[in-house]
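Enquirer: Have a look at the structure that comes next, please.
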Amino acid sequence: MSLLRATKRTKKRLLHHFRLALASFALTILLYAVLLWFYPDPLRWVFRWSLATGYVAAALLAITLSIGAWKILCGRSNPVSTDLRRDIGIWCGVLSSVHVVVGLNVHFNSWMQYFMTEAGGVRTDFFGLANYSGLAATLVIAILLATSNDFSLTVLKSRRWKAIQRWNYFFAALVALHAFLYIAVEKRIVPFVFIFGAFAIWTLTIQACGFQKRRQAGREGLVADISE
């Protein structure tokens, strides 16, 4: 019986990954096509792929941060881990990694130039800060990806595993900092500023609402315990 459940769960997750891969790549290609209209220069194809992968990854990140809060607002249980939320997070990490690899080829031929000046010093301007925040985000997402599996959950146990996965909030903050700094450095056009701003505002709003609902529920539970 347990083997049957495991098989069904595996099939379910494979279906999740197939759909998420299809949706992620389709959205990336669609966004790339839109970017052709805004940035038609043939030489900027690497920049377009960088932007497309980055924005789709940001959308997936916003979804992962919304699922738990949405369940709380709907009065539903919010378990430590759900397959859908974890799988969306994995594809967010995959696209984020692709974005990093592509992005390090947009401005310079050497990735060191993203972090060091021509004189060999550390970059301290907006461009440097944008890249250092991106580097920190890459390290965090690597840890999150490495632990986004049943084996890690079993070994670490729920409390420690969840503590590591909560670094997703730090990752989101680094992504926001990285994106807004690049928006300033590259002077991106208004529609893309609006899109990323919408992601950020939505995520902050639903997280705040979910936190408020959970705190209210905790207070009501405490009052009920005292009255009994």
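The values are calculated or read from the model by the stated rules, or taken from the named source; none is laboratory data. Computed from a predicted structure; not experimentally measured. Cβ sites come from the backbone with ideal geometry, for glycine too, and all protein chains shown count toward neighbours. For accessibility, only protein heavy atoms count, side chains too; no ligands or nucleic acids. Shrake-Rupley method; radii C 1.70, N 1.55, O 1.52, S 1.80 Å.
Enquirer: Any idea which of (1) under 25 Å from residue 114 (Cβ atoms); (2) modelled with pLDDT of 90 or more is the one residue 127 doesn't satisfy?
Expert: Every listed condition holds for residue 127 apart from (2).
Enquirer: Working only within the stretch 73-93, note down all residues that are at pLDDT below 90 and open to solvent by 30 Å² or more (accessible area, probe 1.4 Å).
Expert: 73, 74, 75, 76, 77, 78, 79, 80, 81, 84, 85 - these are the residues of the stretch 73-93 that are at pLDDT below 90 and open to solvent by 30 Å² or more (accessible area, probe 1.4 Å).
Enquirer: I'm told residue 51 meets every condition in (1) in contact with a helix residue (DSSP H, G or I) (Cβ under 9 Å, 6 or more places away or on another chain); (2) surrounded by fewer than 20 Cβ atoms within 10 Å (Cβ to Cβ); (3) not polar (S, T, N, Q) except one. Can you identify the failing condition by its number?
Expert: (2)
Enquirer: Right, something else. What do you reckon, is residue 111 among the aromatic types (Phe, Trp, Tyr), open to solvent by 60 Å² or more (accessible area, probe 1.4 Å) and closer than 30 Å to residue 153 by Cβ?
Expert: Judged against the criteria, residue 111 is not a match.
Enquirer: Another question about this same structure. Just give me the residues in the stretch 101-120 being among the aliphatic types (A, V, I, L, M), in a helix (DSSP H, G or I) and without any contact (Cβ under 8 Å) to a residue 24 or more places away in the chain, in sequence order.
Expert: Matches in the stretch 101-120: 101, 112.
Enquirer: Among the candidates 152, 133, single out the residue that is modelled with pLDDT under 90, part of a helix (DSSP H, G or I), among the small types (Gly, Ala, Ser) and open to solvent by less than 60 Å² (accessible area, probe 1.4 Å).
Expert: After applying the criteria, what remains is 152.
Enquirer: Restricting the search to the stretch 164-198, which residues are open to solvent by less than 50 Å² (accessible area, probe 1.4 Å) and closer than 22 Å to residue 78 by Cβ?
Expert: Passing the criteria: 164, 165, 168, 171, 172.
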